[in-house]
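No lab work stands behind these numbers, since they all come straight from the coordinates. Please read all numbers here as calculations on a predicted model, not as lab measurements. Cβ coordinates were reconstructed from backbone atoms using ideal geometry, including for glycine residues, and neighbour counts include every protein chain displayed.
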Amino acid sequence: MNINDSSIISITDKAVHCEVEDEVVILGLEDGVYYGLNPVGAFIWNMIQESVSVADIKKAVLDEYEVEEEVCDNDIKELLGDLKDRGLIEIS
């Protein structure tokens with residue numbers, strides 16, 4: 001599935017997570033693998049606890065961190081694609 005600004009992101013019931021300092025550790029319940037997210041990834045993960053659009057994620061990241069918009073857009077879509085491939089999020 002192609003990820004664009006209007007895509008809605010939500011967490012599946014196939015993942016549990018905990019926060020460790022400023023990072024997040026996610027356990028994929030289907031594969032039993034732990035995944036770690038750095039502070040920016042953790043910021044995004046915490047945003048998607050409720051369904052949210054990619055545009056809203058991007059705006060929040062741009063407001064919170066000093067990053068160029070194109071780099072932000074590419075990095076968010078790459079992270080979301082990886083989380084989707086691992087069955088941790090749904091994109092609609």
request  = Report the calculated FRET efficiency for Leu27 and Asp56 (r = Cβ-Cβ distance, R0 = 35 Å), to the nearest 0.05.
outcome  = 0.85
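Mind sorting Tyr35, Tyr65 by how few other Cβ atoms lie within 10 Å of their own Cβ, fewest first? Each step should come with its number before you reach the end.
Values: Tyr35 18, Tyr65 11.
The order, fewest Cβ neighbours first, is Tyr65, Tyr35.
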request  = In debye, nearest 20, what is the charge dipole magnitude of the chain about its Cα centre with +1 on Lys and Arg Cβ and -1 on Asp and Glu Cβ, if you could check?
outcome  = 400 debye
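Per the helix-only calculation at 222 nm, which mean residue ellipticity applies to the chain, given -39500 (n - 2.57) for every DSSP H run of n ≥ 4 and division by its residues, nearest 500 deg cm²/dmol? Please report the intermediate quantities before stating the final value.
Values: 3 runs with 37 residues, N = 92.
Theoretical 222 nm ellipticity from helices: -12500 deg cm²/dmol.
For Cα pairs less than 8 Å apart in space and 6+ apart in sequence, what is the mean separation divided by the residue count of the chain, i.e. the relative contact order in percent? Before the final figure, lay out each step's value.
Working: 121 pairs, mean separation 35.4, N = 92.
With pairs under 8 Å counted, the relative contact order is 38 percent.
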request  = Name the long-range amide H neighbours of Glu90: under 5 Å, sequence gap of 5 or more, or other chain; modelled H, no Pro or chain starts.
outcome  = Ser10, Ile11, Thr12
task = Using θ = phi - 60° and the Karplus relation 6.51 cos²θ - 1.76 cosθ + 1.60, list the HN-Hα couplings for the stretch 75-83 in order, rounded to whole Hz, with x at every Gly or Pro.
result = 5, 4, 5, 5, 4, 4, x, 5, 5
message = Just to be sure I understand, if you calculate Rg/Rh (Cα atoms, Kirkwood Rh) for this structure, which of (i) 1.06; (ii) 0.94; (iii) 1.24 do you get?
response = (ii)
